[in-house]
Every structure is written in C-alpha cells, then in structure tokens.
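Chemist: Before I ask anything, let me first share the structure, which is written out below as structure tokens.
The values are calculated or read from the model by the stated rules, or taken from the named source; none is laboratory data. This structure is a prediction, so every number in the text was calculated from the model and none was measured. Quick reminder, even Gly has a Cβ in these numbers, built from the backbone with ideal geometry, and neighbours come from all protein chains shown.
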Amino acid sequence: MTLVEQIQLLAQQKEEKIWQLNQKVWEYAELNWQEFRSAEATALALEEEGFTVTRNAANLPTAIVAHYGTQGPTIGFLGEYDALPGLSQQAGCPEHQVLETGAAGHGCGHSMLGAGAFGAAVLLKELIANGTITAQVEFFGCPAEEDGAGKAHMAREGLFQHLDAIFTWHPDSANHVMGTSTLAVMGVEYSFTGITAHAAGAPYAGRSALDAAELMNVGCNYLREHMIPEAKLHYAYRDTGGTAPNVVPAHAALHYYIRAPKVSQMLELFQRVNKVAQGAALMTETQVKWKVIDACSDFIPNRPLSQLLAESLAELGAPAFDEQDQQLAKKFQATIPERQQQENLSNSCLSSGLRYADYQGLALDNHTPAYIHQPQHAEMGSTDVGDASYCAPTAQCYLACCALGTGGHTWQFTAQSNSSIGKKGTIQAAKVMALAAAKAASSPEQLALAKQEFLQDVPNGYTCPLPAPEQKEGEQ
Ligand SMILES: [Zn+2]
C-alpha cells in the first residue's frame, strides 16, 4: 500500500473521532485564555490515542503538549481552540440565526483548526505505530490566538526549539500553502494620569489626561508619514476619563496595535510610539505608563516544508465536496456581497497565485495550487504562528472549509465550522499535514534542507517580542 493509500484508510477510521472533537470545541465556544473545556477535551482525545499529555504547558492553564514516539525526528503540529465574542450562530445555517444572544462563536474556525491538527498528529502516530515511519510526534494545544498570542508565551518557554519540523493549517475558503509572511504585532496600553478639577471653576488647577491621550493620537498620526510604508498603527480608547464635560479628566487610556513586517522593525516603532506618548505627557503635565498586553512575530514560511505540503495537497486533492455541499455553499455566498467576497479572497490569491476571476462561478474551491515562495510579501494580518516559525522550520496550509469568499470572523464562518463542508475540509487538512509530515520524517535530506533554510532565515535565533513579566511596563 502506498503512503497516500495508508493515510486515506487511516483517515476513514479516525474521521468521526476527529470531527467529534471539532463539534465539542465548537459547542464550548470559549474565548481566549478561557479554553478550559476545549483544552481538556483535546487532552482526553489525545490520551485515548496513546499520547502522553502535559497540561498547563508553559504555565498556561489552557495550553497542552502531547507526545508520542521514542526515536527519530520530532514533528510538531499546532492546534488552536479559542472562539470570538459575539459570533454565536446556528450550526450549518445559511441565515443569520444566533444560538445565544451575545455568546461567543467559532467565527475563525479554530475548533476545526484544533481538530484537524489533532487528526494529523493521530494519523502520523498510526504510521509510527505500524512501523511505516520512525519519528516522534508532538501536538500543541495553543491558547489565545485571537488575542493574547499564546504561542509567543509557549515559544518564550522554549517549547518549540527542539522540533525538526512544524506543520499547521488554518480553515479558509480556498486551498493553498502559505508562502507569504505576516506582520509582527504588539498590543500596548498607554494610561495617562492627570489632576481633576472643575472644568469651568478652576481649569488652571487641572491637568487633563484626556488631552494627553488625544495629543498622543495626533502625534502618532503625524508619525505615520515617517514610518516604513508597510507598518501600521491602530488605536482605540480604553478609558475616556469620564462622561461629564465639566470635570477635567484625571485618567484616560489608549490601546495601541503596532504592526510591521519584521519583529525587529516593530520593536523599533514601539520605541518611537513611546516617545510620542512621553511628548504628550510632557505637553499636558500628566504622567504616562505603558504596558505590553501581547505581541507576536512575523511568519517565516520554510520553503522545503511548504513544498512538501503543496505536493501532499496535490496528491490528495481538494476536499471532495458533494452536490449537497455545493448547494449549501451557494446559499452562504448569497449572503455575502460580491465586493466583500473578492476582498475576503485577496490573501488566498496572494498565496495561491490565482486571480479572483479563477474562482468565479465556483461555490467551493477545487484548486490545489503549487507552492509560491514569496516571504517578502506580508499579508495584512498577524498570527502567533510567527513565533513558532522563529523557533523551528514551519509550514502552514489552508484548506477549503467554507463557501468561496466567506470572510473570517463572521457568522457565516461560525455556521460552516460545524457543517458537512467544514468536516470535509478538516479531514483533508489532517491528511495533507500527515502526508507532508510522513514525507519529511522519512527524508533526512528534506529535514536537513529545511533546517539549512531556517538557519539562514533566523541567523540570530528567537527573541520573544513579549517582554518578561517584570519588564512589561514603563513610565515617564
Ligand atoms: Zn484564526
């Protein structure tokens, strides 16, 4: 039996178990750092499959690491399981029908992401157990991808450094292997403290923290012209200092996101934004403190491993959607404006080399594009997979789990994350990653090439952009 035939057969045997894990996690729909039931369900499923599971990995209550095997190269799979606030939606339903008002939902498909990575780990374990390959497999249950950068915390504790290869995936509407980079990002809270006073009676006695926050934003808007063009700044008010116009606000706070193509550029920009905050405090005679909330690195796609993923995708093919799936996908597409479908596909097009027109007329993707290595292009988002990619050679694929043009973080995505469409994409993702991993594990040459490229890309090793807890805050 060929490797592909073995994986097809094993996947048939494990399919229901993989999908049941998705359904559990989808129903729990737990937010970042709160994924207690999701992590436990994943840990139990891994234990049933013979893995040794470490809970509370990296001292994070909802992080797990599972290990199987005793010899050979170590292959890691990254799973996630956090949901998004306010995206509750009925499973498989192509109309906006909330399950529970205000509740969280899997609008980014991380329930599938975790289950698919679990599936890949289980399939690889079976190939080790039946003597087809010699390797060790590790599954990482990574918390708080949406907000909190769980993998950066895990990377800081050295959980990924020993791996020979890392494979992961993300549910998408189009099949492709990611050859692009992502932006490094840092979330920082700036809190200003002033002196309150009667705004009409004694304004000269007051020092407005809100003025300082406003001036910081003005300063950053001027800073934009003098940043590298790919860098981005976004801000939101966390605290406007109160609701009474006749009181000088003694406190105000801003939440900044600082993004740049490389983590080193992001850290430089962070220092410049700090200077603007200091300037605003100086002008208003207030004090400013900053606190890093989270941070993650840019993604470095590893070419040899990514090529293995793309080859495996081509050999196994796109998920085999049936007529019923096509009809359901058309109903979802009908709820998304054409322009938005186009925008939602833009990152996929960048990676796959296909144009939007190539997808037109299709409800579900049937392409298996070749790999295009273009790390100089950064997608306009961020992921903490970046931190793993600074620790070991990493590759990431995307499998169609929803109608073409479905956007992430939407009710449509939540619905399809627990549908027959999502199921076929998730099982296919498990197979594609397991095949690529089995090929890598049985080819010392491929692993050596992956390592060689990794050392060229990350000559100075990994520096976690999350500061150590005692250095998280600064003030002026
Ligand atoms: Zn996601």
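Chemist: Name every residue in the stretch 315-334 that is of a type outside the set (Lys, Arg) and surrounded by fewer than 16 Cβ atoms within 10 Å (Cβ to Cβ), in order of residue number.
Modeler: GLY317, ALA320, ASP322, GLU323, GLN324, GLN326, GLN327, ALA334
Chemist: Sticking with this structure for a sec: Looking at GLN428, is it modelled with pLDDT of 95 or more, within 16 Å of the ligand (Cβ to nearest atom) and crowded, with 20+ Cβ neighbours inside 10 Å?
Modeler: Here the answer is no, as GLN428 does not meet what is asked.
Chemist: A follow-up question, please. In the stretch 134-143, which residues are crowded, with 21+ Cβ neighbours inside 10 Å and either at pLDDT below 95 or under 22 Å from LEU305 (Cα atoms) (or both)?
Modeler: Across the stretch 134-143, the qualifying residues are ALA135, GLN136, VAL137, GLU138, PHE139, PHE140, GLY141, CYS142.
Chemist: So HIS67 ticks every box in (1) under 26 Å from ILE133 (Cβ atoms); (2) crowded, with 21+ Cβ neighbours inside 10 Å; (3) not β-branched (Val, Ile, Thr) but one. Which box is left unticked?
Modeler: Failed condition: (2).
Chemist: For the stretch 102-124, name all the residues that are over 17 Å from the mean Cα position of the chain (by Cα) and either surrounded by 24 or more Cβ atoms within 10 Å (Cβ to Cβ) or outside the structural domain of ALA57 (by TED's automatic domain parsing) (or both).
Modeler: Those that are over 17 Å from the mean Cα position of the chain (by Cα) and either surrounded by 24 or more Cβ atoms within 10 Å (Cβ to Cβ) or outside the structural domain of ALA57 (by TED's automatic domain parsing) (or both): GLY119, ALA120, ALA121, VAL122, LEU123, LEU124.
Chemist: For the condition within 23 Å of GLY317 (Cβ to Cβ), buried (at least 18 other Cβ atoms within 10 Å of the Cβ) and touching a strand residue (DSSP E or B) at 6+ places or on another chain (Cβ under 9 Å), what is the one hit in ASP365, ASP384?
Modeler: ASP365
Chemist: Can you tell me which residues in the stretch 219-237 are assigned to a loop (DSSP other than H, G, I, E, B) and touching a helix residue (DSSP H, G or I) at 6+ places or on another chain (Cβ under 9 Å)?
Modeler: Across the stretch 219-237, the qualifying residues are MET227, ILE228, GLU230, ALA231.
Chemist: Return the pair list, or none, for Cβ contacts closer than 7 Å from residues in the stretch 29-57 that are without any contact (Cβ under 8 Å) to a residue 24 or more places away in the chain and closer than 20 Å to GLY116 by Cβ to residues that are among the basic types (Lys, Arg) and assigned to a helix (DSSP H, G or I), at least 6 apart or on different chains.
Modeler: ALA41/LYS24
Chemist: Looking only at residues in the stretch 144-160 that are hydrophobic (A, V, I, L, M, F, W, C) and at positive phi, which one is surrounded by the fewest Cβ atoms within 10 Å (Cβ to Cβ)?
Modeler: Restricting to residues being hydrophobic (A, V, I, L, M, F, W, C) and at positive phi, the top hit is ALA144.
Chemist: Take the stretch 123-176 and flag every residue that is within 16 Å of the ligand (Cβ to nearest atom) and either of a type in the set (Val, Ile, Thr) or assigned to a helix (DSSP H, G or I) (or both).
Modeler: Of everything in the stretch 123-176, those that are within 16 Å of the ligand (Cβ to nearest atom) and either of a type in the set (Val, Ile, Thr) or assigned to a helix (DSSP H, G or I) (or both) turn out to be GLY150, LYS151, ALA152, THR168.
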